Every structure is written in C-alpha cells, then in structure tokens.
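Student: I have a structure I would like to understand better, so I am pasting it below and will then ask my questions one at a time.
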Amino acid sequence: MEVPRHWRLKQQRYALVGEVCPHCEGKIFPPRDVCPHCGGEAKTPYTFSGKGTVYSYTIMHDAPAGYDENVPYTVALVKLEEGPMVTAQLTDLDEQGVQIGMPVEMVTRRIRQDGDERGLLVYGYKFRPMIAGAR
Amino acid sequence: MRDVFITGIGQVPVGEHWEVSLRSLAARAMLAALHQAEGLRPQALFVGNLLAPVLSHQANLAALLIDNAGLDGIEGHLVEAGEASGAAALHSAFLAIASGWVESALVVGVEKVTDYIGSGVELALAETEDADYETAQGLTLSGLAGLVMQRYLHEYGVERQALGVFPTLMHANAVHNPNAMFRKAIRREAYAKAEMISDPVNLFDMAPYADGAAAVLLSSRAAIPAGFAQPLVRISGSALVTDRLALHDRADPLAFDAARLSVERACRMAGILPGEVNLFELSDTFSIYAALSLEAAGFAPTGRAAQLAEQGEFALNGRMPINTLGGMKARGNPIGAAGVYQVLEAVLQLRGQAGANQIAHAQRALVQMLAGPASTAVTHVLERVS
Ligand SMILES: [Zn+2]
C-alpha cells in the first residue's frame, strides 16, 4: 500500500493546506510548484478557510474499487472563498440534495478503504452543506 | 518540413476479443496496413496504448509488437497521452516523416480491456486524471464528464434529454460500419430511460470500452513508388495541445481550450479554415464532450451544439457530418487505439471507400481525439490528393 504517499499528502488532506504565492499573493490549492497566476515559484504554506460554494457536481452510481461502501456518492467541484476550486465528495446531504451555488464547508471524513493488505483507511477532506446563519 | 502521406490502413473490428491476445490484435492491424502498402516497409513503429502495463502487465510494448510482427530491429516508441494515446502516436510518426528522420513509419493503436474482469478498468482509466486530487476523491472518467455536463446544463439552460441526440446519431451512423461494435439504431425513448452512471451522465452518454487495434502507415513522397494503387491522402495539419490536467484548475471547465487551440493550429498548418473540411471525426467518449468539441471547433455557438444536431446539421447529409462511421459511442471506444480508428475512418471517406456512409466528394477531414475533458487534444487535417 502507498503509505508514504498518504503521509506526504496529509497536510493537504486533513487541513486543506495549500500555498500563498510570495510574489503575487495568489492563493493556490492544490499546491503546485509554480504559481498559476504569475509564474513565480510557490512554496509558502497557506491554510484555507474550508468555506466555498458548489460549482458543479455529479452523483456517482458506478464506483471504482475501494470507494463502493458509500454508493451512490456525490463528487463536487467546490469553489473556495479564497478563489481556487477543489474536487471533493459531499457529505451530510439531506433530502434537499445538492444545487449549484450551494454554500458548503470542509470536514474530515473517511474517503476510502482498501480491501487489500490490512485494509488501510484513507481520511481526508469532504464538504457538507453550511448550516444556515453560520457564516 | 516534408509532406506526409497515408499509404496503408488496417483495423480489427472493435469488440470483445476474448480469444485474441494484445500482441495478436496489434499484429492483425499492422499486417493489414502493410499489406495495402505494396511493399513499403517502415523504419519506425509508434504505438498508442494506455492500459497494457496495468491490465495485461505488459510494458515495453514497442519492442514486443515489432518482434511479434516480424519487423525485427526497427526503431520503436510507445506514446501515452491518456485516451488520446493513438492520436498522439500518429502525431509523433508525422514528425518523424516530416522531419526527414525516416521515410515510412507505422502507427498502431491497440487496447486490450477484456484481459481484466471487474471494476479495475474504470480505476485504471481514472489514473489518467490527477491521482492525488481527482482520482483520490473517487472520481472516474465518467464522473469528470458528469461534472462538466451538470455545469453545462446549468450555465446554458440546456435540458438533459437534449444531449441524447448525439448517441442516437452515432448509432445511426454505425449501422453500415462492419467494424463497429453496435450496428443497431437506438430510439430517444431508450436514452430517456437509461440508467445513471455518473448523474447526469447515463449509460447511453458513455462510449463502451472495448478491445481494438488499428494501424496506419505514413510515408514521405520520395518513398511512394510510381503508380501506387491506393488513392493518396496527405496529412496537411497536425497539432497536439495540453491543458491543465485537473478540471478544477481551469479558469473555465467548459472552455476546452486545448480542443480549440489544436483545431486552430492544425488548420493554420493546413492553410484552411475549419469550415473548409467536409467531415469532422470528433471525440464522443461522452455525449457532452461531443457537444463541447463542436463548440470549441467553432461549428456551434456555445451551449447550442445539441440544438444544431437536432436540426440535422451534423448528420451524414448535414452541413458538417460528424463521426460518419459511428464514433466512440457505436463503433466502440478502444481507448488508446481510438485516435487511430478515427483517422482510418477519415481515410476511408477521403479515398471514397466508406460504403453506404460515403460523404459525396469528401476532400478534407478534420480529426480530433481528446484525453478526458480535453486535458490533451490532438487534431489532424487530412486531405485527398487529386
Ligand atoms: Zn504568483
């Protein structure tokens, strides 16, 4: 199992840590080596608020291996309030379901269970509907 | 740069070839292409494949396929660009001839998906996404298409059922293609009732993955003997453009910039405008991608591709026929081989060998293959040499 990889990504996955560009102050998530706004090198960590809105979504009925325990599940493009967009599962959805533009906030949940080799559990960010008035 | 011509084509029918191995699938297409080429022999092989290392546990594919097909000793390359692997292999072969490196180069796209049973194929395909930030969230290629389609419907106020025009058209076009996987027309009622895969993407919006192999031989003018029997087709434009890999990193996920730019560059190279082609073989791996490809190429205003398709603009007798032999949806999607099938089908049209679906007086074709939501786009302009 890819333990080093999960360990390496834990800051991003547990705390939504991206980067702020030291040259143009652009906020970057997921982290990248070169700022997409100005082309400068980016490496200053920045923790995102975890608040955003749904830009688009899809309801997955056909899950790949390791993701089948929650079928059907919803994956969204979430536009973070700081600007970047992130791909994440939605959780805690009520019967109203999802709408484009819906405010959401980040939570940490189990994302995947590997059936093989001791069944490693992978945790990371998901987003849930923002409770009305909590903003 | 030297002119590049297509001097041989070969294909196996797309489908489930349980009894045929990866190497034999490829060899059948390769030998068929060479058989057409009247003794022309390649000095290099370019292989387009995506899944062999994962599904067949076979890497080093160029050496294997050269060896198995009896082309001992020639130069070999594997080109991988997701679902656009075959088209990217063709682009590389084009560069090898145009630059003067070799006189003839064989391109083979091959994919063997039936060596593996279960959800492993979807997961292997999802490796063409950003593994850390897309695949890790349980997103498959159909999920990506779902994200794009949902936003498209929202932004342009298009009804979900409207996109059913594309699979319906593809199935109608495949009826007369003996190499197609599904040669049966479908009705719109069936589309409306199809089960959801990645809502709003349903089963009919998604091209079926299948085994396949297709090959084309490219040659320089100097290599072609006098009195060559096949009608000659020239590759007059070839462009490969990449975009941000992850959908979430794009300023406008509906823009398909790589698709647009590759059409612009290939057409500029060919000295034509996109509207001057007689047919467009596009990448309908998902219905929504057919719509966005048409819009990116300028054949439909944004948000209106399905509406124009409904009016018959992209049918065989329409203003700009698309996927004249059934496209990915009905011919089948042999993934890394798909881009070579498209080119081969365009060559059939330009040679006047497309049978019942022949486009009258076809002089030029535009051919485009995308990886996922156009993270890589490869576009070629083919031209009949009169
Ligand atoms: Zn910057």
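The values are calculated or read from the model by the stated rules, or taken from the named source; none is laboratory data. What you see is a predicted model; the values in this text were computed from it and never measured. Every residue, glycine among them, receives a Cβ derived from its backbone with ideal geometry; neighbour counts consider all protein chains shown.
Student: For segment B:187-220, what are the residues that are more than 12 Å from every other protein chain (Cβ to nearest Cβ), in a strand (DSSP E or B) and surrounded by fewer than 21 Cβ atoms within 10 Å (Cβ to Cβ)?
Tutor: Selection gives B:Ser220 alone.
Student: Just the residues that are farther than 11 Å from B:Ser219 by Cβ and crowded, with 18+ Cβ neighbours inside 10 Å, please, taken from segment B:1-12.
Tutor: B:Ile9, B:Gly10, B:Gln11, B:Val12
Student: All but one of (1) away from every other protein chain (no Cβ under 14 Å); (2) assigned to a helix (DSSP H, G or I) hold for B:Lys184; which doesn't?
Tutor: (2)
Student: State all residues of segment B:95-134 that are out of contact with any Phe, Trp or Tyr (no Cβ under 9 Å at 6 or more places or on another chain), of a type in the set (A, V, I, L, M, F, W, C) and away from every other protein chain (no Cβ under 14 Å); if no residue qualifies, say none.
Tutor: Hits for segment B:95-134 are B:Ala98, B:Trp101, B:Val102, B:Val110.
Listed here are the residues, each with its yes/no results for (1) away from chain B (no Cβ under 12 Å); (2) within 13 Å of the ligand (Cβ to nearest atom); (3) at pLDDT 95 or above.
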site: A:Tyr14; (1), (2), (3): yes, no, no
site: A:Phe48; (1), (2), (3): yes, no, yes
site: A:Gly52; (1), (2), (3): no, no, yes
site: A:Thr58; (1), (2), (3): no, no, yes
site: A:Pro64; (1), (2), (3): no, no, no
site: A:Glu69; (1), (2), (3): no, no, no
site: A:Leu90; (1), (2), (3): no, no, yes
site: A:Asp94; (1), (2), (3): yes, no, no
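Student: Residues of segment B:166-213 being among the acidic types (Asp, Glu) and either modelled with pLDDT under 95 or out of contact with any Lys or Arg (no Cβ under 6 Å at 6 or more places or on another chain) (or both), which ones? Outline the logic, then answer.
Tutor: Pass one, segment B:166-213, residues among the acidic types (Asp, Glu): B:189, B:195, B:199, B:205, B:211.
Of everything in segment B:166-213, those that are among the acidic types (Asp, Glu) and either modelled with pLDDT under 95 or out of contact with any Lys or Arg (no Cβ under 6 Å at 6 or more places or on another chain) (or both) turn out to be B:Glu189, B:Glu195, B:Asp199, B:Asp205.
Student: Inside segment B:67-97, can you point out the residues that are under 19 Å from B:Val4 (Cα atoms) and over 22 Å from the mean Cα position of the chain (by Cα)?
Tutor: Within segment B:67-97, just B:Glu75 meets the criteria.
Student: Here are some residues: B:Leu254, B:Leu292, B:Leu245. Which one is within 14 Å of chain A (Cβ to nearest Cβ), outside any strand (DSSP E or B) and buried (at least 24 other Cβ atoms within 10 Å of the Cβ)? Show your work before the answer.
Tutor: Working: B:Leu254 fails: buried (at least 24 other Cβ atoms within 10 Å of the Cβ); B:Leu245 fails: buried (at least 24 other Cβ atoms within 10 Å of the Cβ).
Being within 14 Å of chain A (Cβ to nearest Cβ), outside any strand (DSSP E or B) and buried (at least 24 other Cβ atoms within 10 Å of the Cβ) holds for just one of B:Leu254, B:Leu292, B:Leu245, which is B:Leu292.
Student: When you look at A:Ala42, is it buried (at least 23 other Cβ atoms within 10 Å of the Cβ), within 16 Å of the ligand (Cβ to nearest atom) and of a type in the set (Gly, Ala, Ser), yes or no?
Tutor: In short, yes.
Student: Of all the residues that make up segment A:14-30, how many are touching a Ser or Thr at 6+ places or on another chain (Cβ under 8 Å) and hydrophobic (A, V, I, L, M, F, W, C)?
Tutor: Summing the residues that are touching a Ser or Thr at 6+ places or on another chain (Cβ under 8 Å) and hydrophobic (A, V, I, L, M, F, W, C) in segment A:14-30 gives 5.
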